[in-house]
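Single-structure report; data block below.
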Amino acid sequence: MVPLQYAFFLTFFAGMAMPAGAIIAHFLHIKPVWLEKEILHGITAFGGGALMSAVALVLVPQGISGFSSLQATSVFVSGGVSFMLLDYYLAKSGSSVSQLIAMLSDFIPESLALGASVATGSRDALLITLLIVMQNIPEGFNAFRELRDTRAYPVKTVLILFFLLALTGPIAGMIAYIWLSEYHNVISGIMLFSAGGILYIVFQDIAPQAVLEKHWGPPLGAVLGFSLGLVGYMSIA
């Protein structure tokens, strides 16, 4: 397969994991209700753990290369501050899309990195793709539930939105492959900026939603989610 087509295929495949997670969330119904609540909170924690693994194992390690400690810290903190301001604006407007923003915040920079890795002939592209897929399924699940529970949009509209958002991956991958593969610092800066934003969202919005009173199992989902990222990272390393 031609490398350009290969980069498109990998990023498209990774992106389709988001609507796949949304479809699972739409059709998943578990009885009794108490068990469903515990499992759903566990999946929320799992998604948070997967995001943390993206920050700790992918975005920050690859993002800091080429920067001094002061530069890397400045970009990372600016990402957190920017997402805080965005969160404030969304709260004022009454919107509830924190999980959706978190999902795109790691998918787009990872797709940039994936497109660049194919362009430079890296052998790790397929494993990076599988790691993104493992993150996107629980993140798509949680983001879909968050949008559905607002009852602001019909389910069909939300599912179509997820399929459209999945295309941001191939777009980002093609941009990186064609234009940014030679500008490593640009991709690194985007990854660091996104990492700061994701860390803010995890502790501001996702972690509190994972808590379920008098239940101790759901937070373990965060450990499992991070462990999944760890397996992918060690497979790539």
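Structure notes:
- Computed on protein heavy atoms with a 1.4 Å probe, the accessible areas place Leu180, Leu28, Leu130, Leu224 in the order Leu224, Leu130, Leu28, Leu180, largest first.
- Taking trypsin sites (Lys or Arg not before Pro) across segment 138-191, the ones in a DSSP loop with at most 10 further Cβ atoms lying within 10 angstrom of their Cβ are Arg151.
- In this rough spin-label picture, where each label sits 7 Å from Cα along the Cβ direction, the Lys92-Ser227 distance is 4.3 nm.
The values are calculated or read from the model by the stated rules, or taken from the named source; none is laboratory data. What you see is a predicted model, and the numbers here were worked out from it, not measured in a lab. Note that we place each Cβ from the backbone using ideal geometry, even for glycine, and neighbour counts take in every protein chain shown. For accessibility, only protein heavy atoms count, side chains too; no ligands or nucleic acids. Shrake-Rupley method; radii C 1.70, N 1.55, O 1.52, S 1.80 Å.
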